[in-house]
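The values are calculated or read from the model by the stated rules, or taken from the named source; none is laboratory data. Remember, it's a predicted structure, so these values are computed and weren't measured experimentally. With ideal geometry, Cβ positions are generated from the backbone for all residues, glycine too; neighbour counts draw on all protein chains shown.
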Amino acid sequence: MDVKTFIEDKVREIKDTVGSAGAISALSGGVDSSACTVLAHRALGSQLKVIFIDDGLMRESEPQEVAAVFAGLGITVEILDAQQEFFGALKGKLDPEDKRKAFRQVFYEVFGKAVKKGKCRFLIQGTIAADIIETKGGVKTQHNILEQIGINPEKGFGFKVVEPIKELFKPDVRRVAKELGLPESVYRRMPFPGPGLMARVVGDVTPDRVALVRRATRIVEDEIRRHKPFQAFAVLLSDKGTGVEAGKRKFGEIIIIRSVESKDAMTARASRVRWGRLQKMAARITAEIPSVTRVCYELTGKPPATIEYI
Ligand code: XMP
């Protein structure tokens, strides 16, 4: 793929499709939506509104960090607080696909309201080829797939969807993002799922349980930074495990450390993380999050596992 030509073509396509109708770009700060946002901004300039939904499922300081990166590129990001809507919809949901569908519903309802308020007609989003293949193939419902599975976004939510990079896989998206002038922290960023930390909380997704996995994720990311895996994170299980504290039994949370190597997320293998680093992560997680009694390292590749836990 010639990256420069791809960018020129897509900028022209976005201009032709949106015209003067106004559009919102759905930005999460990941490489996919960031590349799309810059493409759309080149095409539409001030006609484009960029919205980051704060769903309460992001990592530490993520909304503010993403807004700061885009401010550096001269693009204003509106952070829309929708935490209550997401936690409300996820309350009591335990089945992974129920959780994913509830997330998708709220995600598009929130954007539907924003599109209406902004008197726009289009939502621009960073769907990539892997998202479509995994949803259509029945692996899991990705948060951003509608038309490809027969849901009409205009009927359901009041906007048309534009997906400028839907034929690309991750390595090409990174090339496009680099060429668009995004900083290395974005074009080399680890993938983070659209449904955020929800994909890493097995069982009930409550603000407290998300906060716990957020703290553990921070520790894993801190400790593994130099190793640069494709993806590394923490997962909170729904079961608990017996531990011991000051000579007394303690029934605590179980955290899984997951680190994988992959090219395009379609297949993956567990990273060979140094033993000392793993031990340090486990020690920090149990010391800094006292409700955790056990930390495990996941060895399974994809297949038969998937990268995320739900
Ligand atoms: P799995 O868990 O299916 O994940 O092996 C493959 C890649 O996709 C990311 N992922 C998502 N990305 N919306 C996204 O935008 C989603 O709903 C979603 N679920 C998983 C995951 O982090 C991995 O990189």
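Annotations
- Taking the numbered list (1) away from the ligand (no atom under 16 Å from the Cβ); (2) within 18 Å of the chain's Cα centre (by Cα); (3) free of Cβ contacts under 8 Å to residues at least 60 places away in the same chain in turn, V213 passes all entries but (1).
- Listed by position, the helices (runs of 4 or more DSSP H) enclosed by segment 143-208 that each have at least 2 residues that are closer than 27 Å to F230 by Cα are 170-179, 184-187.
- Inter-residue pairs, beta-carbon under 8 Å, first closer than 16 Å to H143 by Cβ and in segment 76-103, second at pLDDT below 95 and of a type in the set (K, R), 6+ apart: P96/K140; E97/K140; R100/K140
- Any hit, segment 123-140, residues being within 16 Å of the ligand (Cβ to nearest atom), in a loop (DSSP other than H, G, I, E, B), touching a Cys at 6+ places or on another chain (Cβ under 6 Å) and modelled with pLDDT of 95 or more: yes
- Per the conditions (1) surrounded by fewer than 18 Cβ atoms within 10 Å (Cβ to Cβ); (2) in a strand (DSSP E or B); (3) touching an Asp or Glu at 6+ places or on another chain (Cβ under 7 Å), the sole criterion not satisfied by R277 is (2).
- Under the condition of being touching a residue at least 12 places away in the same chain (Cβ under 8 Å), acidic (D, E) and out of contact with any strand residue (DSSP E or B) (no Cβ under 9 Å at 6 or more places or on another chain), the residues counted in segment 141-189 number 3.
- Residue check, S238 buried (at least 18 other Cβ atoms within 10 Å of the Cβ), of a type in the set (S, T, N, Q) and away from the ligand (no atom under 11 Å from the Cβ): no
- Segment 226-269, residues that are closer than 22 Å to T293 by Cβ, in contact with a Gly (Cβ under 8 Å, 6 or more places away or on another chain) and not in a strand (DSSP E or B): none
- Matching residues in segment 160-188 - criterion: being under 19 Å from D264 (Cα atoms), small (G, A, S) and surrounded by fewer than 16 Cβ atoms within 10 Å (Cβ to Cβ): S185
- Residue within segment 197-214 that is under 29 Å from V38 (Cα atoms) and surrounded by fewer than 20 Cβ atoms within 10 Å (Cβ to Cβ) present: no
- Failed item, numbered, when S271 is tested on (1) buried (at least 17 other Cβ atoms within 10 Å of the Cβ); (2) over 24 Å from the mean Cα position of the chain (by Cα); (3) among the small types (G, A, S): (2)
- Scanning segment 70-96 for residues that are loosely packed, with under 14 Cβ neighbours inside 10 Å, more than 30 Å from Y187 (Cα to Cα) and among the aliphatic types (A, V, I, L, M) yields a single hit, L94.
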